[in-house]
Amino acid sequence: MNPKTVKYLSTLGVTVVMALSAAYFYKTWQKGEPRYYFLIMAFAIALLLSYSLFKKKKN
């Protein structure tokens, strides 16, 4: 597989997992039983994703 395709698919997959985690936290928060570990996981994934997208490439 092309490395650019693999990077795109992994970024897409991580973004989907982050969105699902945030949505599940919101759903449990609306019920009055928030599960904060899903929110923490969503923020951690967002931090790692932003680092991997914006880091400088070494030549």
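Against the chain, whose longest principal axis comes from its Cα atoms, helix 36-54 is set at around 20 degrees.
A helix-only calculation puts the chain at -28000 deg cm²/dmol for mean residue ellipticity at 222 nm, using -39500 (n - 2.57) for each DSSP H run of at least four residues, averaged over all residues. Across the chain, the mean sequence separation of Cα contacts (distance under 8 Å, 6 or more residues apart), normalised by length, yields a relative contact order of 32 percent.
Find the all-direction average of the projected area of the Cα convex hull for the chain, expressing the result in square nanometres with one decimal place. Computing the convex hull of the Cα atoms and averaging its projections yields 4.6 nm². Between Thr5 and Leu20, full extension at 0.36 nm per residue minus the direct alpha carbon distance yields a gain of 3.2 nm.
Every number in this text was worked out from the coordinates using simple rules, so none of it is lab data. Because the structure is predicted, anything quoted here is derived from the model rather than measured.
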